[in-house]
Amino acid sequence: MGLKEFVTRRIIQIVVLYFAIATMLFFLFRAAPGDPLAAYIGTGFTEEQAAQIRATFGLDQPLHVQYWKYMTSLVTFNFGLSYITGDPVWGIIQDRIWNTLVLMGTSVVLAYLIGVPFGAYLAWNRGTKRERFGVVFALISRSAPVFWTGLLGIWIFSFKLGWLPAGSMSQPGVTYSSKLAQFTSPSFLRHLILPALVQAFYFYSLPALLMRNSMLEVMNEDFVDFAELKGISDFAVMLKHAARNALLPIVTAFAVAAGFAVGGSVVLETVFAWPGLGREMVRAVIANDYPVAQATFLILAGLVLIANFLADLAYGYLDPRITYD
Amino acid sequence: MTLLEVNDLHVTYAGDPDVEAVRGVSFTLEEGETLGIVGESGCGKTTLAQAIMGALPDNGRITGGEIIFDGQDITHLSNRERREIRWERMSMISQSAMNSLDPVYRVKDQIKEAIQEHRDVSDAKSYERARELMELVGLDPDRVEDYPHQLSGGMRQRVIIAMSLALDPDLIIADEPTTALDVIIQEQILYRIKELQRELGNSMVMVTHDISVVAETCDSMVVMYGGELMESGNVDEIFNNAHHPYTLGLQNAFPSVEGEKRDLTSIPGSPPDLSEPLEGCPFASRCPFAAPECEETVPVQEPVDGHRVRCHEPVPFEQIRDRSGEDETWLSQNKV
Ligand SMILES: Nc1ncnc2c1ncn2[C@@H]1O[C@H](COP(=O)(O)OP(=O)(O)OP(=O)(O)O)[C@@H](O)[C@H]1O
Ligand SMILES: [Mg+2]
């Protein structure tokens with residue numbers, strides 16, 4: 001089986017999985033307690049008015065009709081209107097999704113750029129004090145919750161030192177012609193630094209510890225000894241042979257990291273008042289804003305699936321032994 | 001001219017307890033000749049080979065003696081100086097050659113790496129050289145494009161041999177280059193190694209546990225036991241006129257190559273614990289001829305009949321030779 005067939009098959013799998021997740025979400029939300037329109041329908045409304053509002057949101061229809069409309073919305077992106085603001089859900093998401101992707105993308109990339117070489121360094125220094133100290137440090141950063149390191153970061157770098165803004169994505173009142181213009185503005189980058197670093201400080205330990213283990217394993221392989229035998233310098237042996245091979249399982253872990261990133265965005269965006277999908281999801285769930293909550297869940301699940309797919313492709317590219325069958 | 005001279009070499013692995021894996025081995029290798037190192041598993045052959053290559057495991061140290069290569073004492077060179085000699089002047093076909101290729105690079109890139117690490121050669125030139133080497137070891141040159149997992153075990157072995165020839169070194173150390181292969185491929189590869197060595201004129205150290213391989217491929221030989229040298233000298237001399245009970249036992253343990261097939265008589269018992277200090281002859285506990293003095297004092301290496309033997313000669317050598325041809329001599333050991 002060739003690469004093309006593999007990709008096709010994986011895409012079909014992803015689509016099926018996506019619809020399964022969507023179905024689960026649909027029933028989970030219907031099973032949740034409370035009237036979704038409680039916030040909308042005030043006490044002063046007559047029965048008739050209330051029914052009309054229900055009809056506007058399609059909640060008067062039988063469950064299977066609602067389900068069908070919901071499932072078609074997955075394809076048309078017509079997720080309906082927010083129960084709270086009445087705005088189209090897709091518009092809300094489109095605005096937030098880029099904010100989340102940029103923040104989480106930056107922190108995951110930072111985490112890998114720092115974590116992988118750090119792990120390789122630890123393995124190379126196996127049995128030394130430096131290694132033990134490094135492992136303990138990684139474990140500590142893995143154990144420190146983001147809401148705590150986030151607040152600590154804000155306290156130090158914003159309040160004490162005044163170097164960086166404490167939250168949000170841009171100065172109030174400033175508007176940009178496009179998302180791209182905003183993301184490339186110096187003010188945005190200043191806002192990005194602290195949350196991205198805080199999240200990376202949490203994420204880097206996973207690739208670091210995995211890389212260390214993986215390196216230690218590969219360093220026992222005969223081909224590493226043989227490379228040394230050939231007279232290749234120690235550093236080149238570590239880089240070209242040991243690290244290159246040790247990287248393979250790390251790529252798989254990237255899919256896991258992407259899952260964590262999506263989950264992590266909820267906390268991080270809340271701490272830093274970052275207008276992303278995670279924060280939107282929290283808001284929507286608390287406010288019983290079903291259409292928005294459902295859609296954010298769906299989009300986040302979709303992101304995890306896509307990250308998995310990319311990790312699979314990267315693995316196949318990096319390991320010549322992988323055949324697609 | 002003498003290419004390699006090893007004098008009273010000692011190698012110790014640090015650990016709990018320390019293991020002294022090579023305990024005073026000496027030999028010389030002439031230019032263009034092949035020396036066989038033979039002995040049972042665990043007797044320190046690979047350790048000796050790695051010490052010569054300057055590629056001991058991290059916990060291994062040369063604790064005594066000297067290695068002189070082409071007139072230069074290389075025993076205590078720095079890592080860096082050793083690395084320059086390695087592969088350029090002496091290469092090694094390692095015992096685990098089958099797993100010695102990096103799975104993520106193509107064969108051509110791995111051969112290229114060996115060449116370009118030592119010499120300023122263009123990509124195109126080293127690619128040409130890679131193809132040439134493949135042909136030399138009897139492989140289709142187009143296979144340089146393959147990844148290691150696309151090659152059979154025997155092919156991988158040949159690739160390693162090709163790589164060992166890449167820089168035309170003065171010395172090639174082959175550490176059991178064929179143990180993982182089936183008998184027919186073993187024969188082919190040994191034959192090819194030998195042929196190439198004759199063609200190219202390199203010197204060679206052939207490490208093996210199979211004494212018949214030594215008979216086929218070597219000019220001189222060293223018999224090792226428990227990290228020590230038991231008998232050494234010219235191959236013909238030792239095959240026709242072995243003195244040491246262990247050498248004779250090994251000759252019995254492997255079917256002889258020429259002449260009639262003998263029964264396989266393996267030597268009962270197992271090699272000594274190398275973490276223990278030496279008292280007496282290491283082979284004494286398994287030797288059918290051992291006398292009390294064999295257990296008590298360490299024998300020294302002495303010249304006997306044109307080669308060197310390390311044995312107390314508890315009974316006259318003629319008797320040892322005659323009696324070691326009979327299976328009962330060895331089997332009676334089991335009853336003790
Ligand atoms: N890195 C190491 N640390 C500690 N001891 C070691 C190490 N490598 C080898 N040894 C020990 O040194 C002794 C000699 O090992 P060596 O590999 O040289 O034997 P060998 O003759 O090559 O055996 P084989 O025929 O099985 O390859 C053995 O007792 C082995 O357990
Ligand atoms: Mg060995």
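The distance between label points at A:Leu113 and A:Met71 comes to 4.5 nm (points 7 Å beyond Cα on the Cα→Cβ vector). Computed from Cα positions, the angle between helix A:3-31 and the longest principal axis of chain A comes to roughly 40 degrees.
Loop-resident chymotrypsin sites (Phe, Trp or Tyr not before Pro) (DSSP state other than H, G, I, E or B) in segment A:139-245 with no more than 16 further Cβ atoms inside 10 Å of their Cβ: A:Trp163, A:Tyr176.
Think of each Lys and Arg Cβ as +1 and each Asp and Glu Cβ as -1; about the Cα centre, that makes the dipole of segment B:96-168 roughly 140 debye.
A straight Cα-to-Cα reach below 17 Å connects A:Lys69 with the aspartates and glutamates A:Asp60, residues fewer than 8 places away in its own chain not being considered.
Shown in residue order for segment A:71-79 are the 3J(HN,Hα) couplings computed by the Karplus curve 6.51 cos²θ - 1.76 cosθ + 1.60 at θ = phi - 60°: 5, 5, 5, 5, 8, 8, 6, 8, 8 Hz (x for Gly and Pro). In order along segment B:201-212, phi translates into HN-Hα couplings of x, 6, 8, 8, 10, 10, 9, 7, 9, 9, 5, 6 Hz, rounded to whole numbers, per the Karplus curve 6.51 cos²θ - 1.76 cosθ + 1.60 with θ = phi - 60° and x for Gly and Pro. Taking label positions 7 Å along the Cα-Cβ direction at both A:Asp60 and A:Leu318, the computed distance is 5.7 nm, reported to one decimal. Relative to the longest principal axis of the Cα atoms of chain A, the long axis of helix A:89-124 lies at roughly 20 degrees.
Of the chymotrypsin sites (Phe, Trp or Tyr not before Pro) found in segment A:258-325, the ones in coil according to DSSP and having at most 15 other Cβ atoms within 10 Å of their Cβ are A:Tyr324.
Label positions at A:Ile14 and B:Ser78, each projected 7 Å from the Cα along the C-beta direction, are separated by 5.3 nm.
Adding -39500 (n - 2.57) for every DSSP H run of four residues or longer, then dividing by how many residues chain B holds, sets the calculated 222 nm ellipticity at -10000 deg cm²/dmol. Taking a point 7 Å out from the Cα of A:Phe147 in the direction of its Cβ, the residues of segment A:276-300 whose backbone N falls within less than 19 Å of it are A:276-288. Note on B:Tyr127, B:Tyr246: ascending count of other Cβ atoms within 10 Å places them as B:Tyr127, B:Tyr246, the fewest first.
Partner lysines whose Cα lies under 16 Å from the Cα of B:Lys194, excluding those fewer than 8 positions away in the same chain, are not found. Less than 5 angstrom separates the built amide H of B:Val22 from those of B:Val11, all sequence-distant by 5 or more or on a different chain. Here segment A:117-250 is treated with +1 on each Lys and Arg Cβ and -1 on each Asp and Glu Cβ, and its dipole about the Cα centre works out to around 500 debye.
Placing unit charges on the Cβ atoms of the charged side chains and taking the dipole of the protein assembly as shown about its Cα centre, the candidate lying farthest along the positive direction among A:Phe254, B:Ser275, A:His241 is A:Phe254. Relative to its residue count, segment B:96-168 spans a Cα convex hull of 78 Å³ per residue. Over all distinct Cα-Cα pairs of chain B, the Kirkwood formula returns a hydrodynamic radius of 20.9 Å.
Dimensions of chain A from C-alpha coordinates, computed as largest minus smallest value along each principal axis and given longest first, are 86, 59, 38 Å. Counting other Cβ atoms within 10 Å as a rough exposure proxy, the listed residues A:Ile93, A:Ile156 run A:Ile156, A:Ile93 from fewest neighbours to most.
Within the same chain, aspartates and glutamates fewer than 8 places from B:Lys125 are excluded, and of the rest, those with a Cα less than 20 Å from its Cα are B:Glu88, B:Asp109, B:Glu113, B:Glu117, B:Glu135, B:Asp140, B:Asp142, B:Glu145, B:Asp146, B:Asp168. Once the Cα atoms of helix A:244-271 and of chain A are each reduced to a long axis, what angle between those two axes, in degrees from 0 to 90 to the nearest 10, is obtained? It is inclined by approximately 30 degrees. The order of A:Glu131, B:Glu279, going from fewest to most other C-beta atoms within 10 Å of their C-beta, is B:Glu279, A:Glu131.
For the cross-link pairs A:Lys240/B:Lys112; A:Lys4/A:Lys240; A:Lys230/B:Lys112; A:Lys240/B:Lys45, which exceed 18 Å when the distance is taken from alpha carbon to alpha carbon? Those over the limit are A:Lys4/A:Lys240; A:Lys240/B:Lys45.
Each reported figure results from applying straightforward, stated rules to the coordinates on display, with no laboratory input. Note that the coordinates shown come from a computational prediction; the quantities given were computed from them, not determined experimentally. Reconstructed Cβ throughout: ideal geometry from the backbone, glycine too, with neighbour counts over all protein chains shown.
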